[in-house]
Amino acid sequence: YSHHKRCLYGDIIRQERNKSVNQESRVIFLEDNKDGYIGLIPFTPQHPYSVSIFPLKHKLRLTQFTSEQLKNLALWIYLSMDAIKEKTHQKIYLFLYSTPLYSDRDPDYDPNIENAHHLHVEIIPEGVQIPGTGWYIVPYRPIDAARELKDIIQQKLLNIKL
């Protein structure tokens, strides 16, 4: 943030949102309204079928969401986890990244934290680790994994009453 004066996650969202109609897209869903979400496969995932979910608006904490926005986030998390489970049959881990709760009296307080951070969710299936190395095998290109998960999610959306 200190260099570009904008949120890195906001840049990722803008870039992927613009490429969402492209065949090379890593986007698995895009709820394109003012309170919507984008789900995508990271550019360099550590595990096959890892998914990151971002609110399109710059949000820092869950307390900034309305109950309707939280319901939509829960739906996208559920659909993404279900699609990953269908593809991998592995354990799935869910991580919520929220802005630290600092006060300006804390010695570690950074006044730019409000601008530099963006709440997001990461859903990571258990990977295939090369024994003794700490390295994981990711046998799929992110765009291929995204295409597969996108197809599953679109099918599941047809069966859900929203």
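Go over the candidates 62, 8, 73 one by one and state the one that is under 11 Å from the mean Cα position of the chain (by Cα) and of a type outside the set (Lys, Arg). Talk me through it step by step, then tell me what you get.
Values: 62 fails: under 11 Å from the mean Cα position of the chain (by Cα); 8 fails: under 11 Å from the mean Cα position of the chain (by Cα).
Selected residue: 73, the only one of 62, 8, 73 that is under 11 Å from the mean Cα position of the chain (by Cα) and of a type outside the set (Lys, Arg).
Considering every residue within region 84-94, establish whether at least one is of a type in the set (Ser, Thr, Tyr), modelled with pLDDT under 90 and closer than 29 Å to residue 59 by Cβ. No, region 84-94 contains no residue that is of a type in the set (Ser, Thr, Tyr), modelled with pLDDT under 90 and closer than 29 Å to residue 59 by Cβ. With respect to (1) of a type outside the set (A, V, I, L, M); (2) surrounded by 14 or more Cβ atoms within 10 Å (Cβ to Cβ); (3) part of a loop (DSSP other than H, G, I, E, B); (4) in contact (Cβ under 8 Å) with a residue 60 or more places away in the chain, the lone exception for residue 9 is condition (3). Taking the criterion of being of a type in the set (Val, Ile, Thr) and part of a helix (DSSP H, G or I), the residues of region 117-162 that qualify are 143, 152, 153.
Mind listing whichever residues of region 82-97 are part of a helix (DSSP H, G or I) and polar (S, T, N, Q)? Once the filter is applied, which keeps residues that are part of a helix (DSSP H, G or I) and polar (S, T, N, Q), region 82-97 yields only 88.
Are any residues in region 54-87 open to solvent by less than 30 Å² (accessible area, probe 1.4 Å), under 18 Å from residue 156 (Cα atoms) and among the polar types (S, T, N, Q), and if so, which ones? The one that is open to solvent by less than 30 Å² (accessible area, probe 1.4 Å), under 18 Å from residue 156 (Cα atoms) and among the polar types (S, T, N, Q): 80.
What number of residues within region 57-81 are at pLDDT 90 or above and either within 15 Å of residue 124 (Cβ to Cβ) or assigned to a loop (DSSP other than H, G, I, E, B) (or both)? Explain how you work it out, then say what you get.
We begin by selecting, within region 57-81, every residue at pLDDT 90 or above; these are 65-81.
If we keep only those that are either within 15 Å of residue 124 (Cβ to Cβ) or assigned to a loop (DSSP other than H, G, I, E, B) (or both) as well, we get 65-66, 77, 80-81.
The total comes to 5.
Taking each residue of region 15-42 that is touching a residue at least 40 places away in the same chain (Cβ under 8 Å) and more than 14 Å from residue 149 (Cα to Cα) and looking for partners that are in a helix (DSSP H, G or I) and open to solvent by less than 10 Å² (accessible area, probe 1.4 Å) with beta-carbon atoms closer than 8 Å, six or more apart or interchain, yields nothing.
The values are calculated or read from the model by the stated rules, or taken from the named source; none is laboratory data. As the structure is a prediction and not an experimental result, all values here were calculated from the model. Please note: Cβ atoms are built from the backbone with ideal geometry, for glycine as well, and neighbour counts cover all protein chains shown. Ligands, DNA and RNA are stripped out before the accessible areas are found, and what is left, the full protein with its side chains, is counted by its heavy atoms. Shrake-Rupley method; radii C 1.70, N 1.55, O 1.52, S 1.80 Å.
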